[in-house]
Amino acid sequence: MTPGVLLGPGRYRLVAEVGRDDRCDARLWRGLDTVLEREVALTLFIADPGDTAAVADIRAAVQQALSTARLEHAGAARVLDVLEPEPVGAGPTVAAVVAEWTAGRDLVEFVRAGLPAPSAAAGMLAPLAGAVDDAHRAGLVLGSDHPQRIRVTADGRARLAFPGPPLGTHARDDVRGLGAVLYLVLTGHWALDGGSPALPAAPRGPEGNVVSPRSLRPTVPLELSTLAVRSLAGSAAGGVHTGAAVLRVLERSAATGDVEPQSPNGVADRGSVWHGPEEDPPPSRERRTKLGIGVAALVTATLFIIGWLGLQVASVFDSDETTPPAVVIEAQPPVDGAPVPAPPPAGSLEIDDVAVYDVLGNGNPDNPGDVELLVDGDSDTSWSTDTYREPFPALKPGVGVLLTFAESVALSSVTLDSPSAGTVVQIRSAPSADADFDETTILGTATLDEGSTRIPLRAAPPTRYLVVWITGLAGDGSDNASELSELDVQRAG
């Protein structure tokens, strides 16, 4: 196809090719409606005239696009016409979707000129997310998952400029597309297959997941970074599933703004550092964390000094006050040569390791540096989740802590000490330290009271790995977070 070719009985003249969607052999052209003398956007589907199956596919593609003609939204160009497959001279068979032209810049060109500040990026994408939401409510799909189908208007709004997605496109692909576009304007990398060759692919971690935008650009606020990753997850565990959910976060982030320094042309300074409200913990939290580190160091030193005997004495103080002194005597270390007594049938378990359980493995676990405070023996120190502006599961299904024991053991209960009343917790066993969430098994659940809450566990095979999984956060409005001070795991008798 070359400039000057006429389509649709001579009505639409090709002016310039502006992109390609090789997933469906589509060509994206700027054209001219010679009857109304206006510019139009043309999505051309190409097929070999002798390939009847391919011709049937491009006919179905333009008919699918025609159904979106009733959609009117600022975030999507309106479909004006469709052209049924027809041979173009002695060349290929071409079908086309004709849409109103979107003045401005191609999204790829826009990003290569410089990345916008995070809040500006959120505001820019909000109209596109709104169009996706409206389309899905009407039972339609847009095809927002290719960067060259999207243009940025002169007033800085992202818009689907070339309707006509590949056959088989689903609503979840639109949501993943929103995540990919957000990832692109935050990082300059494209996170889906089949994008523009002019864009570098998003880097991925050892398990194949894209790294978070904050890992590539620390100025990106946590909420936007999380939104990009969760939207890309699609229908997987922890994924964002609707355009409405994406839109809510984008609108809030745009309204909140940021303090990232910008150059005079409105593009963020790549060397600047963004400081958002969620990154600035309250002073009391810092003091408590420092105190917790000091106390943890003191406890560790004490345990090394008093050894096995110290652990046994600690277990006595943790048990019922009515336990007779005889238990202490029987629990004394054996003399040389004497047989080692079997461990007590019930009691508190020593925890070998504790870590934040990051279900998507995206490199941004909640406060991993504080998680050991959960088992430091000091209820004045604590681990907390990040603060979320929407309750679970808007951006993620939950957050957890993974406990590792020295060996597999049958469990009877878990006791949690927390100031965050209303937190909903599940206790789950896991087959390994890197188990996927769908491999875990629920053993018990509870809504926490302020202070201590004991959670009985159902009978289950012994396990070495236990997940404390938070599915409901304390708080309300835009301040949703939970704090856990201490936990105690009881062996089954």
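The values are calculated or read from the model by the stated rules, or taken from the named source; none is laboratory data. Since we're looking at a predicted model, the values are computed, not measured. So basically every Cβ, Gly included, is an ideal-geometry build from the backbone, and we count neighbours across all protein chains shown.
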*Given 11, 112, which one is over 40 Å from the mean Cα position of the chain (by Cα), assigned by TED's automatic domain parsing to the domain that holds residue 135, among the charged types (D, E, K, R) and at pLDDT below 95?*
11
_Residues satisfying the stated conditions in the range 82-100, i.e. within 37 Å of the chain's Cα centre (by Cα) and of a type in the set (Gly, Ala, Ser)_ = 96, 99
*Does residue 135 fit the bill of being modelled with pLDDT under 95 and touching a strand residue (DSSP E or B) at 6+ places or on another chain (Cβ under 9 Å)?*
yes
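Residue-by-condition table, conditions (1) touching a Gly at 6+ places or on another chain (Cβ under 7 Å); (2) polar (S, T, N, Q); (3) farther than 26 Å from residue 17 by Cβ:
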{"site": "108", "(1), (2), (3)": "no, no, no"}
{"site": "119", "(1), (2), (3)": "yes, yes, yes"}
{"site": "133", "(1), (2), (3)": "yes, no, yes"}
{"site": "150", "(1), (2), (3)": "no, no, no"}
_Selected residue [over 15 Å from residue 482 (Cα atoms) and without any contact (Cβ under 8 Å) to a residue 12 or more places away in the chain] from 407, 439_ = 439
_Selection within the range 460-476 - closer than 26 Å to residue 493 by Cα and surrounded by 13 or more Cβ atoms within 10 Å (Cβ to Cβ)_ = 460, 462, 463, 464, 465, 466, 467, 468, 469
*Within the range 127-141, can one find any residue that is among the hydrophobic types (A, V, I, L, M, F, W, C), assigned to a loop (DSSP other than H, G, I, E, B) and under 16 Å from residue 250 (Cβ atoms)?*
no
*Count of the range 198-221 residues which are without any contact (Cβ under 8 Å) to a residue 60 or more places away in the chain and not basic (Lys, Arg)*: 9
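So that you can scan it fast, the table gives a plain yes or no per residue for (1) polar (S, T, N, Q); (2) within 20 Å of residue 143 (Cα to Cα); (3) in contact (Cβ under 8 Å) with a residue 40 or more places away in the chain; (4) in the same structural domain as residue 75 (by TED's automatic domain parsing):
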position: 160; (1), (2), (3), (4): no, yes, yes, yes
position: 166; (1), (2), (3), (4): no, yes, yes, yes
position: 181; (1), (2), (3), (4): no, yes, yes, yes
position: 185; (1), (2), (3), (4): no, yes, yes, yes
position: 224; (1), (2), (3), (4): no, no, yes, yes
position: 231; (1), (2), (3), (4): yes, yes, yes, yes
position: 247; (1), (2), (3), (4): no, yes, yes, yes
position: 251; (1), (2), (3), (4): no, no, yes, yes
_One residue from 62, 55, 18 being within 15 Å of residue 2 (Cα to Cα), of a type in the set (A, V, I, L, M) and in contact with a strand residue (DSSP E or B) (Cβ under 9 Å, 6 or more places away or on another chain)_ = 18
*Quick one: is residue 455 under 24 Å from residue 239 (Cβ atoms) and of a type in the set (A, V, I, L, M, F, W, C)?*
no
*Looking for whichever is at positive phi, assigned by TED's automatic domain parsing to the domain that holds residue 249 and surrounded by 15 or more Cβ atoms within 10 Å (Cβ to Cβ) here; the options are 31, 104, 75. Which one fits?*
104
